[in-house]
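Following: one structure in structure tokens, then a few remarks.
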């Protein structure tokens, strides 16, 4: 604005002012002579105002004032008219150029003052999600299931990938937790950490009934980042959850959703035994996500992504995760003992549909080996008489006063018991009901 005011003063100080004029103007000659004398002044700061004051005060001078010997202008500043006219035009041109440049620079600086280059802005929830993924990705691993295959032509044994899945680091000792169906049938296992380093893994132990397995890798402790362990007992439908895994063999992938259901029940892919209190979520879970962690909004583990409900095999918005409270107890036993000590009754029972056809509710005992807990207690098996007629065995209707309508109910009750516990089994034998005490024992292959 200052440069614009000065230029306005120059342009309006004289009606005959023209910055590009080359005519021998007497008025401008006097301006030139006065301005030349300013180069010898000791105070350069006062030069510009003085020039502009001369431009405004000497517009009425005539030619005689410049050429007369009695003029107040010193004789050493008197310049011949043609030369004066050329210098006059040059000086005015330079002055105009300098003022224009000053004006342009001033405008550019003003414009730059209003240009603000802001970084990408994220909402608070977005920042929290990004931070959660960055902090928990180092804990998630990629598991490759290798199987031995014999080449049909060379008869050489080769290891080829037959499946893959996800897992997560449990502790600094190199224990990795995943699903049992991820490692089932493997002749060799490879675990790839977040930094793409790959290590051979050995199986510490597994629980087929709950579809949980523990591996171990000999990786440096500084590369192992244990995942924070949370709790699943206080989960609520509607709270946010986050699933991290390697679907379809891709690199770490994050999907988000909410808990859409609690206390669901699914069957183990290996044994068919029911898994209770499963978490249902609408976070996308695809092949390869199995064994990966399900996290809450604080980044703590609340479950293992295990299965999906989908006729096509792809995510349909209904995924299931084994709760961390169930997983923690299993992993502790596998790490300490290499096995899970789960109590059994020691019976084989008929399918639920067969019992329904009989018009009764309960679990029909097909076989109770004499060396098993139920056989020792006196439970009777189903058998045939001498004529080939089927004689039904005991039908279990309750255990410790809890009703048993099918096999899932029986498993659910036994999961709440420990090895060595005495339970009261109520059975229907013929037309009579009897209560039989049974001492629970571990599986023969786990003793």
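The values are calculated or read from the model by the stated rules, or taken from the named source; none is laboratory data. Computed from a predicted structure; not experimentally measured. Backbone-built Cβ (ideal geometry, glycine too); neighbour counts: all protein chains shown.
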Only one of 205, 174, 163 that is touching a strand residue (DSSP E or B) at 6+ places or on another chain (Cβ under 8 Å) and modelled with pLDDT under 85: 163
Cβ-Cβ under 9 Å pairs, at least 6 apart or on other chains, the stretch 406-422 side in contact (Cβ under 8 Å) with a residue 24 or more places away in the chain, far side part of a helix (DSSP H, G or I): 406/352; 406/355; 406/356; 407/352; 408/352; 415/326
Residues that are surrounded by fewer than 19 Cβ atoms within 10 Å (Cβ to Cβ) and in contact (Cβ under 8 Å) with a residue 12 or more places away in the chain, drawn from the stretch 352-370: 352, 358, 360, 361, 366, 367, 369
Scan of the stretch 175-205 for residues that are closer than 17 Å to residue 219 by Cβ and in a loop (DSSP other than H, G, I, E, B), ordered by number: 193, 194, 195, 196, 197
The listed residue being in a strand (DSSP E or B), at pLDDT 90 or above, surrounded by fewer than 16 Cβ atoms within 10 Å (Cβ to Cβ) and under 16 Å from the mean Cα position of the chain (by Cα), out of 258, 241: 258
Considering residues of the stretch 270-289 that are modelled with pLDDT under 90 and within 23 Å of residue 416 (Cβ to Cβ) only, the residue surrounded by the most Cβ atoms within 10 Å (Cβ to Cβ): 275
Of all residues making up the stretch 376-405, the number that are more than 51 Å from the chain's Cα centre (by Cα) and either closer than 23 Å to residue 443 by Cα or not in a loop (DSSP other than H, G, I, E, B) (or both): 13
Strands (runs of 3 or more DSSP E) lying entirely in the stretch 283-375 (those with 2 or more residues that are within 33 Å of the chain's Cα centre (by Cα)): 293-295, 301-308, 319-323
Any hit, the stretch 130-141, residues being surrounded by 11 or more Cβ atoms within 10 Å (Cβ to Cβ), at pLDDT 85 or above, in the same structural domain as residue 213 (by TED's automatic domain parsing) and not in a helix (DSSP H, G or I): yes
Filtered residues of the stretch 317-329 (kept if at pLDDT below 90 and buried (at least 21 other Cβ atoms within 10 Å of the Cβ)): 319
Some residue of the stretch 201-209 being farther than 29 Å from residue 272 by Cβ, touching a helix residue (DSSP H, G or I) at 6+ places or on another chain (Cβ under 6 Å) and buried (at least 17 other Cβ atoms within 10 Å of the Cβ): no
Failed criterion for residue 253 (all others in (1) more than 30 Å from residue 351 (Cβ to Cβ); (2) buried (at least 18 other Cβ atoms within 10 Å of the Cβ); (3) in the same structural domain as residue 174 (by TED's automatic domain parsing) hold): (3)
Any hit, the stretch 218-237, residues being in contact with a helix residue (DSSP H, G or I) (Cβ under 9 Å, 6 or more places away or on another chain), closer than 22 Å to residue 139 by Cβ and not in a loop (DSSP other than H, G, I, E, B): yes
Test result for residue 438, farther than 21 Å from residue 356 by Cα, assigned to a strand (DSSP E or B) and outside the structural domain of residue 273 (by TED's automatic domain parsing): yes
Given (1) under 21 Å from residue 144 (Cβ atoms); (2) out of contact with any helix residue (DSSP H, G or I) (no Cβ under 7 Å at 6 or more places or on another chain), index of the condition residue 212 fails: (2)
